[in-house]
1. According to a simple spin-label model (label point 7 Å from Cα along Cα-to-Cβ), what is the distance in nm between H229 and V52?
2. Roughly speaking, what % of Cα-Cα pairs in segment 160-287 are separated by over 19 Å, rounded to a whole number?
3. So how far apart, in nm, are the two label points at Q69 and D92 if each is 7 Å from Cα heading toward Cβ?
4. Find the all-direction average of the projected area of the Cα convex hull for segment 66-212, expressing the result in square nanometres with one decimal place.
5. For the residue pair I202 and E261, what label-to-label distance in nm results when each label sits 7 Å from Cα along the Cα-to-beta-carbon direction?
6. Measure out, as a whole number of angstrom, how far apart the alpha-carbon centroids of segment 46-99 and segment 142-174 sit.
7. Across segment 159-172, in residue order, what do the Karplus-derived ³J(HN,Hα) couplings come to in whole Hz, using 6.51 cos²θ - 1.76 cosθ + 1.60 with θ = phi - 60° and x for Gly and Pro?
8. What FRET efficiency comes out for the pair N148/F44, r = Cβ-Cβ distance, R0 = 56 Å, nearest 0.05?
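Bear in mind that the values in this text are calculations on the coordinates, not laboratory data. Predicted model only: the values in this text are computed from it and were never measured. Ideal geometry is used to build each Cβ from the backbone, glycine not excepted, and the neighbour counts take in all protein chains shown.
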Amino acid sequence: MAVLRFMMEDTSINGPKHKIDVRCFHGGFDRAQPNVLEARDTGFTLVELLVVISILSLVMGILLPALGQARRQGRVLVGTSNLRQIVMGASDYAANNDESYPESVATITFGPSWHWQEPTMITACKARPFQEHRAMSAYLRSYIENANVMFCPSAPKKYEFLQEAWEAGDVWDNPVTSFPSDPVFGTYCFYWNYVGYLEGAIFKGPQSTLGGPDKSKLLVSDYFGYDHHRSPEAYGSCERFAGADVTQGTEVSSAYWSRCEDENSPGVERLNVKLRAGYTDGHVASWTPADAMPMKVSINPDGSVPYPSGVGLGPGDFYLPKGVLH
């Protein structure tokens, strides 16, 4: 029997195009059969899936450290900007007040008597004698409206009521406590018009933009200290450092990072943490624990008597960049 074979093409608009093998017999047409391979399954094979996973893992391994570094660098930039804005705010206040910086609010008052409190204090319980305000924002809110500027972005958690306390100023009253007027402690140390005890010397923060022979030029700094009553026998900072854990905030304060001293390698100079400070001339500079000296809070106004030392008894030491006395 003679067989006539020829090819046809399916011209269906919606369907895929196939070449059709049509056999013509004397008695009629044989059934049409596809002459192409069946469409390949579009799913991944196990080998292909493993290859994709391996590539993704490799890419993530490259990107994650870079992203982490970018976040850290972002916090550094924000922190530097915050310190610069604080310096500018204090300087603008001075420009409008006979070149005098605001009074320090880092004090504790007992009737007619008072003594210094830790320099991270943003709002005191009450104004000290002959002082107009108990809140820093009462002096600076016209120059710094956003309270986030007063918070170190590297600290683990911001004080819950920071903006509310900043806006309330002298009338701030914490809604979750029974005290009529509550203090607020931040993550930066504020040194204008502050006096502290140094071994063999007295630290005096700047009083005026005009300076003075016995006045420091240090206005503000990242918090870095030792043996605070919230973290006894431990170094603490608003900047994160190796091995540090979170010291939780309280009803009146922000959280910070802390780590006990390493018995195998003691000494503050061994801590690897970069800190920043702002000065009266407007610049912000970096410093490290190796470049630091400890200052103690004084229990008398002239800074000559330090707070009693002892494990977890008080505010502990506050480190200053070396050279701030000159």
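1. 6.0 nm
2. Pairs farther apart than 19 Å: 61 percent.
3. Simple spin-label model gives 3.6 nm for this pair.
4. It is 11.0 nm².
5. 2.8 nm
6. 22 Å
7. 4, 4, 10, 4, 5, 4, 5, 5, 6, 6, x, 5, 9, 4
8. Calculated value: 0.75.
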